[in-house]
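Some notes on the structure that comes next.
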Amino acid sequence: MTDLVHPYVAGVERLGVDLDELVKLDPTFLSLIDKREVLLLIARASSRVRAVEARVMACADDVADAEGFRDVASWVAQRLQVSGASARRGQRLGVACEQRWHRVGAALVEGGMSIDQGHVVVAALDEVCCAGRLVEATADEWREVLVRAEAYLVEQAADFGPRALQRLGERILEVVAPQWVDELEERRLRDAERAARRRTTLKVQGLGDGTALIKARVPESVALRLTTLLESFTNPRKAAEDKAADDGRRVPYERRLGEAFCSVLESLDPSRLPLHGGDATTLVITIDLNALVEGLGSATLADGSRITAGEVRRLACRANLVPAVLGTRSVPLDLGRASRLFSPGQRKALAIRDKECRAHGCTIPATWCEAHHSKPWSAGGKTDLDNGMLLCSHHHHLIHDERYLHQQMPNGDIRFARRT
């Protein structure tokens, strides 16, 4: 007695037999028209086969149970040596079409929609389904909205690819339920903003090479504000600093943003910052007296990292530092404070006088410049207008860079030359 074969199994076996015959043929000598037709037919057939597979996976939990697998996707991934993520994605699509979106499922197996379109449409419809809990609509009213949304997206699949369908899906309620769009948009934005605040993080990791990696996740509005702020610091500098690299090449945009970030931090007024440990946020630097005066050697920050004496002298022009200056026996000789910082009134006076960066040929406006002590504070220079000048961030770094010589011209501008 011959065992009966289920028609479903027989149909799949016939597909295999037909493929066995097909692969014996060489497509090389097909005409252009035939190749085009074959490519379209294969793509549609492939998508339909994947849709049929997803439909079977949706009702095959018993296969996984029989062999102790968590779900049928895990079974498929192990037996066929395929990606688990891909198998689970197919299973989710099949379950969604069998349980919720029958019209999408029919379009997939009949070839009216590609498998990629199916994933996009199902995701959009699931979002619409969840949105029903956010509006004051009855169950019957929202069920009708879902029916119209599914029908509309299935119809549009004939004319739009996955990406365009995704955009349509994001705004499908404007077509099928415009009366609830504004209410939903407000609720979604509010929930998204709350979630963004909950997920906000910032991590600073020292890399041991004089730099640190800053990794942050912040709300989009904050990121936009930061980007706008940094770009406002970089835009006026383009003419003077785009080719400021040592080899004369254009400075990459990412590096300019990084330098702008440093400039933003250094331009903050310490007196307006929140108290930290009973005082305005302060950076403690330990440095040997001779190193500070001569501009050679290094200094130690509170976390043990080291910077050059030249960088200390540059920071002393603007940062709220507490330099613990050490004598020959490392005894603290002086604990300076923010008295060496130029006041807002002095900065305004410098801006009126200098108008722009005092480096020869630089046109960065005073608004974007930093106040510099002509005679360094570390060498006894005073914080007054006669001892102050405005320099852009690039030239402020340069004037404290031991690789460069600088000379004050008769008109007060500073000319730079690299040491040879």
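Can you tell me which residue among 181, 120 is among the β-branched types (Val, Ile, Thr), farther than 26 Å from residue 91 by Cβ and surrounded by 12 or more Cβ atoms within 10 Å (Cβ to Cβ)?
When all the criteria are applied, what remains is 181.
Give the range 57-93 a look and list any residue that's surrounded by fewer than 17 Cβ atoms within 10 Å (Cβ to Cβ), within 17 Å of residue 104 (Cβ to Cβ) and out of contact with any His (no Cβ under 8 Å at 6 or more places or on another chain), or say none.
Matches in the range 57-93: 59 only.
Quick check on the range 389-417: of everything there that is small (Gly, Ala, Ser) and closer than 17 Å to residue 364 by Cα, which residue is farthest from the chain's Cα centre (by Cα)? Outline the logic, then answer.
Step one: filter the range 389-417 for residues small (Gly, Ala, Ser), giving 393, 412, 417.
Checking which are closer than 17 Å to residue 364 by Cα leaves us with 393, 412.
On the way: 393: 26, 412: 44 Å.
Looking at residues that are small (Gly, Ala, Ser) and closer than 17 Å to residue 364 by Cα, I get 412.
Would you check which residues across the range 23-46 are part of a helix (DSSP H, G or I) and either over 27 Å from residue 106 (Cβ atoms) or in contact with a Gly (Cβ under 7 Å, 6 or more places away or on another chain) (or both) and list them?
Residues of the range 23-46 that are part of a helix (DSSP H, G or I), as a first pass: 27-29, 32-46.
27, 28, 29, 32, 33, 34, 35, 36, 44, listed by residue number.
Which count do you get for residues in the range 130-141 that are out of contact with any Phe, Trp or Tyr (no Cβ under 7 Å at 6 or more places or on another chain) and surrounded by fewer than 18 Cβ atoms within 10 Å (Cβ to Cβ)?
So the answer is 8.
Just give me the residues in the range 400-411 being in contact with a helix residue (DSSP H, G or I) (Cβ under 8 Å, 6 or more places away or on another chain) and within 22 Å of residue 386 (Cβ to Cβ), in sequence order. Break it down stepwise before answering.
Initial filter on the range 400-411 (in contact with a helix residue (DSSP H, G or I) (Cβ under 8 Å, 6 or more places away or on another chain)): 400-402, 404, 406.
Within the range 400-411, 400, 406 meet the criteria.
Of all residues in the range 166-210 being of a type in the set (Gly, Ala, Ser) and more than 18 Å from residue 124 (Cα to Cα), which is nearest to the chain's Cα centre (by Cα)?
Keep residues of the range 166-210 that are of a type in the set (Gly, Ala, Ser), which gives 169, 177, 192, 195-196, 206, 208, 210.
Narrowing further to those that are more than 18 Å from residue 124 (Cα to Cα): 195-196, 206, 208, 210.
On the way: 195: 17, 196: 14, 206: 20, 208: 24, 210: 24 Å.
Ranking the candidates gives 196 first.
Read-outs: derived from the displayed coordinates by stated rules, not from any lab. None of these values were measured; they are calculated from a predicted model. Reconstructed Cβ throughout: ideal geometry from the backbone, glycine too, with neighbour counts over all protein chains shown.
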